[in-house]
């Protein structure tokens, strides 16, 4: 059961949630779990098919527009719809909202990579049939989304009819008054071609401003009577079957788009169609792909099936959403919905990238290459923001331009530039890929260090960075945010290191880095102000955080959370109240900048003023609780992450899954419970026994090795599964690993 | 010449500026100086007639909308247009852009209250005539805007034709990309009735959301042939005259609106029409009104006609724009244009109200009563902003709701609540009107003090106010802005004083003020943190202002000013750079909170980091320069105010006149050069001789007296013109004034 997610609910709110939970994707294509046969007219489904990074740009409206506010916002576009297949029994249309549901079950198979929906239905006129909808988005052929419909008549049905559609004209979902959703511009895509040729249904559509094109080439496999009808850019195909036997229809939908397939999208789609294997083989390939994925990426626990299911669910959905082609990244909601409009945030670098880095480094590299492809846009943005040099990465974007329309919690989050630099460094630490260093890492480090050098300044022997926003969005535009300064310090240190290493390189010459410039990075890093409060013995979140009143938590009711939906930002800024981990996160990422006592006291302090209104918070508190030996808290916070979407804890899973939190589950287990750290010296572990679990194991990729770590019976077992011998650190003790020689340590 | 403003320009940019400079108004009605006969088709005129406070509400669009952001914005609506009168000579249409202009002059008569435009024109077909357009907006009958057109044929013209229009359907002006102008929603008003009855043209129009109605009842006086044509909600009347003699047409336009005239607007307009006196008498009434205005309000200087003209121009336009009915106030651009959308800001209280307070206290009282009428809206806004008690006045509004769409430089300017309280106190100090105190002052003070008590808090024996924005909009959302804290201190001190005085009153009971609450205001006022930097010996603008880098003024070109049009706000926030007087303004308004040395050092410091990109800045620097004996600077900054609009120094006079700056001219002379202060002790003066002027004199109203102050020949002469004996202070020396006994003091 831990490899499946099943549900049987039919109420409206849960169905919307299930559309997200049951979404299928492969990092390129994502299809929400909508019902093929449709809904009641009054039912508000969020109907969607998305291609990662396929977007339109829409004008941003401002009540008062100031200099440097982005004119346009990129938006993930809902693309050509192939989900609809109506089912008729002797003319009666099948619907889950009419007649009698004798049995209903929908299951996502995370070990197999498909979903299946089984319905035993009795119509209002008492016709009866079993219907099975099997859906797959292929991990092997990324363009493919296939649906198989099986109808098994139970009563005496004369005719089964299936009507399958491809719709070129679609709209995006809009909802007013929730800042996390689009509030206008529903129509992003315009169909411009629809034809039936050579047994293939071919539809194209394009965006207006970005001038991107998407095509779908669709083929049916069936043994019924067939007819075709065109209705504008909608192609409707009808299949009739003799009710005496079972009816079956397979719909192979192949999507192509400008960003990956060049100009002749239909031709490309036809080629891909021609090479498709049959449905059952697709499912087998899918299984083989996932077998390998899970072999490396699974985290197994014994003793809690519900949590186990949540863990696998989260990992599975990360795999389904992460871009694997370096044209795309992983958006805040993955490919599961339209929340945050398909934008890529720092969520990638800090919450999701590490998961892939340590299990599927090629995917991790793709994420970095995507960021690298936006470096010129970041240089441009730095200029717009008044900087003389450097690269300022946008708070939210798809292909590079800043798409944030509220700068205090958007553009002002300069830390994203350090976060990106950090992930590039992490990649290098894990892979020691020298070519990567020279081709990508160096340039990113130099340009981000330049940003910091231009943003901050030396005063009284300290380097200060003013007027930025840290991760905590309830405290915006502050001076010397600890997180930002700590990350910028690390960023500049590394930039100086790389400069020293590569000073003679073509790149360094070409970028015009001077010795003085690099020395300044080093000096700024050394003298970086890291706010510390003597009285409390904690790192202060920023220069003035502790000068504020603590939020009146006692008189804040449960209904008032998340606070951002009930309080004006200025009210929130005025109090000590954090939406999410900020200083505590810095204490995880750059832990060596603070001593253990400061880290502990800071944790204790910030825990009391943090609402976790952001889904990016729990996992960090879990990791740090593990580090501090707060085992119950570590487990508690971890628990909030593992089933956040399955149990719809944030009440907005309908808009898509919380990808960063899903990464956070892995982080809490691996960096938290197992105490993994990756530093220049290599891997180190400080595992803690999780009381609730009899057994807890996972694997890591590290410089061409595969290592398994198992916590069981009060000990940890390190096993090198593949690769050359390796030393790792276990509580500061060096442990040598060789294939075939697991090492056990008592906890 | 100093009583007139004349111009002859016909280039497009200057014509737009002249539309503002030549506007006519009376505080109720405002008509831009558009040409009756129209323009070339390609000419972009800002055509407008406005009724103070007559507004529509439009939805504000946000890229990301957060809690508490206003949904709607009020906008001054352009109303029914009566300006158009086409002129034809034997069928040739008169235009300043065709034929030959033999002579052209347009003059605003500030002593007489009308404008006249004289044109000697030769048509392309060589017809020749002198045309005179005389316009008046009556100060006596506020609903009246009249135009008289005289045509004197010079050549042998057979027929003169005038076509006069009333247009019910009008739009507002929009311009993208300037945050100071509306960027959308051009259509605010919809005509719904147009008829010709009983010799009157009657047109009505209404707004959709606010459901306000405006009507125009128009009558022509003429001796020509007359015909009427209807074109939708446009009524077109044609008058033909024998070209052998002069032609003359007078158009009496009477405007009524829901806010002042109840329901039956046409009926009300007809009544007003029936009582109108003839045109020449209107001009005489106008002169009589202005004679009295100038008797009290004029500031005369000898030795600089250009400045003298500027001074009178500024005073005249304040009179033309200020609401006199307590239904309206005075908007940032007065009634001269659509910049800042007709909103009322703190400009009223700090820059304009004092002018009327000291010259026309009844007008000043009207401004306060208008604010008082918005107190409930301010209470509501405080609640929305998370306050448990108190009133938060909106940054920009017409009838009370917050209309600011960018809170860092809008709603966050909490100081406006203290500014309003300050003006209420000033009114009381000047008038000692006890009834006013009990009916209005007390309630405003209590509710604003409550706001401060709830916004700030005691910490380590100091009262702190965090996360507000002071006057300087280049430094937003800061802690302990000196200006805000100083003004809040004054506000709370006075609230406590009033409480002590009125603790048994019905009002205090009704508002539920407790002794503890009032004591807390007193304590907070006493312990208010007023940032001071020991090293520099200055009041720091806020807790962290001096922690920033000073803006690189040396490498900023002239074209980069105003900085707000060339730099992202975050960039500006990051540096020591002020748009306008902030701490320096506090040192004027509540001067007793700082010693002279601090005030001097602060002035010297902030002068170097202030760009005066706001038109609210120069006058304050002039006042304070006078106080500090920086006479040349005082004169220099004053000079920047006096002709700011006439010379279009801010390059945006086309959008309307800068009312606050116009008030600032008066302030710089009276509070600056003459060193007036109004305190509980009464009036005090510290006059400084202005070298450039041989003679400088003005009058003040103070508790039913009229006092004249003249600086001439190295001495100041105080003359009590009307009223009981009065003591005033001259450089700390008491001077007793009696009618008929001027007192001279050597300077």
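The values are calculated or read from the model by the stated rules, or taken from the named source; none is laboratory data. Note that the structure is a prediction, hence the values are computed from the model and not measured. Methodologically, a virtual Cβ is constructed for each residue, glycine included, from the backbone with ideal geometry; neighbour enumeration extends over all protein chains shown.
Below, the figures for the structure above:
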item: Any hit, the stretch A:532-554, residues being under 11 Å from residue A:611 (Cβ atoms), more than 14 Å from chain B (Cβ to nearest Cβ), in contact with a strand residue (DSSP E or B) (Cβ under 9 Å, 6 or more places away or on another chain) and buried (at least 16 other Cβ atoms within 10 Å of the Cβ); result: no
item: Answer from A:615, A:622, A:626, A:602 - the residue that is modelled with pLDDT under 95 and surrounded by 24 or more Cβ atoms within 10 Å (Cβ to Cβ); result: A:615
item: Residues within the stretch A:597-616 that are out of contact with any strand residue (DSSP E or B) (no Cβ under 6 Å at 6 or more places or on another chain) and not in a helix (DSSP H, G or I), tallied; result: 6
item: Scan of the stretch A:65-111 for residues that are in a strand (DSSP E or B), crowded, with 20+ Cβ neighbours inside 10 Å and more than 14 Å from every other protein chain (Cβ to nearest Cβ), ordered by number; result: A:76, A:77, A:78, A:81, A:85, A:87, A:88, A:89, A:106, A:108, A:109
item: Number of positions in the stretch A:333-357 that are in a helix (DSSP H, G or I) and either without any contact (Cβ under 8 Å) to a residue 24 or more places away in the chain or under 19 Å from residue A:372 (Cα atoms) (or both); result: 11
item: Residues of the stretch A:411-442 classified as surrounded by fewer than 22 Cβ atoms within 10 Å (Cβ to Cβ) and either assigned to a loop (DSSP other than H, G, I, E, B) or within 14 Å of chain B (Cβ to nearest Cβ) (or both), total; result: 2
item: Residue within the stretch B:285-298 that is assigned by TED's automatic domain parsing to the domain that holds residue B:471, over 15 Å from residue B:22 (Cα atoms), in contact with a strand residue (DSSP E or B) (Cβ under 9 Å, 6 or more places away or on another chain) and in a loop (DSSP other than H, G, I, E, B) present; result: no
item: Count - residues of the stretch B:443-466 that are at the interface with chain A (Cβ under 9 Å from one of its Cβ atoms) and part of a helix (DSSP H, G or I); result: 1
item: Residue within the stretch A:657-673 that is in a loop (DSSP other than H, G, I, E, B) and either under 28 Å from residue A:347 (Cβ atoms) or under 20 Å from the mean Cα position of the chain (by Cα) (or both) present; result: yes
item: Check on residue B:445, buried (at least 24 other Cβ atoms within 10 Å of the Cβ), under 29 Å from the mean Cα position of the chain (by Cα) and within 25 Å of residue B:361 (Cα to Cα); result: yes
item: Hey, residue A:165 surrounded by 18 or more Cβ atoms within 10 Å (Cβ to Cβ) and either in a loop (DSSP other than H, G, I, E, B) or at positive phi (or both) or not; result: no
item: Some residue of the stretch B:467-482 being in contact (Cβ under 8 Å) with a residue 12 or more places away in the chain, more than 14 Å from every other protein chain (Cβ to nearest Cβ), part of a helix (DSSP H, G or I) and under 23 Å from the mean Cα position of the chain (by Cα); result: no
item: Subset of the stretch A:503-518 [touching a residue at least 12 places away in the same chain (Cβ under 8 Å) and under 30 Å from residue A:543 (Cβ atoms)]; result: A:517, A:518
item: Matching residues, the stretch A:555-596, being surrounded by 19 or more Cβ atoms within 10 Å (Cβ to Cβ), within 14 Å of chain B (Cβ to nearest Cβ) and in a helix (DSSP H, G or I); result: A:563, A:564, A:569, A:570, A:571, A:572, A:573
item: Counted residues, the stretch B:368-388 - those being within 14 Å of chain A (Cβ to nearest Cβ) and either closer than 16 Å to residue B:440 by Cβ or not in a helix (DSSP H, G or I) (or both); result: 4
item: Failed criterion for residue B:38 (all others in (1) modelled with pLDDT of 95 or more; (2) away from chain A (no Cβ under 14 Å) hold); result: (1)
item: The stretch B:41-64 - residue that is without any contact (Cβ under 8 Å) to a residue 12 or more places away in the chain and more than 14 Å from chain A (Cβ to nearest Cβ) and, of those, nearest to residue B:151 (Cα to Cα); result: B:41
item: Residue list for the stretch A:14-33, restricted to those being touching a helix residue (DSSP H, G or I) at 6+ places or on another chain (Cβ under 8 Å), part of a helix (DSSP H, G or I) and either in the same structural domain as residue A:172 (by TED's automatic domain parsing) or modelled with pLDDT of 95 or more (or both); result: A:17, A:19, A:20, A:21
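Residue by residue, here is whether (1) closer than 28 Å to residue B:453 by Cβ; (2) touching a helix residue (DSSP H, G or I) at 6+ places or on another chain (Cβ under 9 Å) holds:
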| position | (1), (2) |
| --- | --- |
| B:531 | yes, yes |
| B:544 | yes, no |
| B:561 | no, no |
| B:566 | no, yes |
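Residues are listed down the side, and each one gets a yes or a no for (1) outside any strand (DSSP E or B); (2) away from chain A (no Cβ under 14 Å); (3) modelled with pLDDT of 95 or more:
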| site | (1), (2), (3) |
| --- | --- |
| B:130 | no, yes, yes |
| B:140 | yes, yes, yes |
| B:152 | no, yes, yes |
| B:177 | yes, no, no |
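Listed here are the residues, each with its yes/no results for (1) surrounded by fewer than 21 Cβ atoms within 10 Å (Cβ to Cβ); (2) more than 29 Å from residue A:207 (Cα to Cα).
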position: A:226; (1), (2): yes, yes
position: A:231; (1), (2): yes, no
position: A:235; (1), (2): no, no
position: A:245; (1), (2): yes, yes
position: A:249; (1), (2): no, yes
position: A:255; (1), (2): no, no
position: A:267; (1), (2): yes, no
position: A:270; (1), (2): yes, no
